[in-house]
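Q: There's a structure below that I have some questions on.
None of the figures in this text is laboratory data; all of them are computed from the coordinates on show. The model shown is predicted, which means the values in this text are computed figures rather than measured ones. Because the Cβ atoms are built from the backbone with ideal geometry, glycine has one as well, and the counts that use them run over all protein chains shown.
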Amino acid sequence: MTPTNSWLLLVVAGLLEVAFALGLKTANGLQRPWMLAGTLLVLAGSLGLLTLALRHLPVGTAYAVWTGIGAAGTALAGVLWMGDSASIGRLACLGLILGGVMGLRWLP
């Protein structure tokens, strides 16, 4: 596996982290156990891909990118699909998170 492939795995792991967080919300605690089970499978996939990406990427960078994608992606999904606030300040903060994630990828 190349470092480029590791970055791709890391991005997919981050997107699965978003799906995990949204799944927790839609599982509604234990009211929808089948949704909770699916959410836990998504979490396992996210952690598995993160583990594979860590073979070629520094742990601090990979973890920061993984959590950044998860945090920003979940917040954006909340704005788009769950009625969360879309204030200018909130969107600017999401931009800062995404800028930090991109900086970790492309800056030395």
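Q: Restricting region 82-100 to residues that are part of a helix (DSSP H, G or I) and in contact (Cβ under 8 Å) with a residue 24 or more places away in the chain, which is farthest from the chain's Cα centre (by Cα)?
A: 100
Q: Can I ask one more? List pairs: first residue in region 30-45 and farther than 20 Å from residue 12 by Cα, second residue part of a helix (DSSP H, G or I) and among the small types (Gly, Ala, Ser) anywhere in the structure, Cβ distance under 7 angstrom, at least six positions apart or on different chains.
A: Pairs found: 35/23; 35/27; 36/27.
Q: I need a count of the residues in region 26-51 that are buried (at least 16 other Cβ atoms within 10 Å of the Cβ) and out of contact with any helix residue (DSSP H, G or I) (no Cβ under 7 Å at 6 or more places or on another chain).
A: 0
Q: Please go through region 20-48 and give me each residue that is among the polar types (S, T, N, Q) and not in a helix (DSSP H, G or I), ordered by number.
A: Matches in region 20-48: 28, 31.
Q: Which residue is surrounded by the fewest Cβ atoms within 10 Å (Cβ to Cβ), if the candidates are limited to region 6-25 and must be without any contact (Cβ under 8 Å) to a residue 40 or more places away in the chain and within 11 Å of the chain's Cα centre (by Cα)?
A: Ranking the qualifying residues of region 6-25, first place goes to 12.
Q: Now for a separate question. Test of understanding: among 73, 103, which residue is part of a helix (DSSP H, G or I) and either buried (at least 16 other Cβ atoms within 10 Å of the Cβ) or in contact with a strand residue (DSSP E or B) (Cβ under 9 Å, 6 or more places away or on another chain) (or both)?
A: Exactly one residue qualifies, and that residue is 73.
Q: Out of all the residues in region 69-99, which are touching a Gly at 6+ places or on another chain (Cβ under 6 Å) and either over 14 Å from residue 18 (Cα atoms) or not β-branched (Val, Ile, Thr) (or both)?
A: Correct list: 70, 84, 97.
Q: Output the number of residues of region 49-62 satisfying the condition of being assigned to a helix (DSSP H, G or I) and either among the acidic types (Asp, Glu) or in contact (Cβ under 8 Å) with a residue 12 or more places away in the chain (or both).
A: So the answer is 6.
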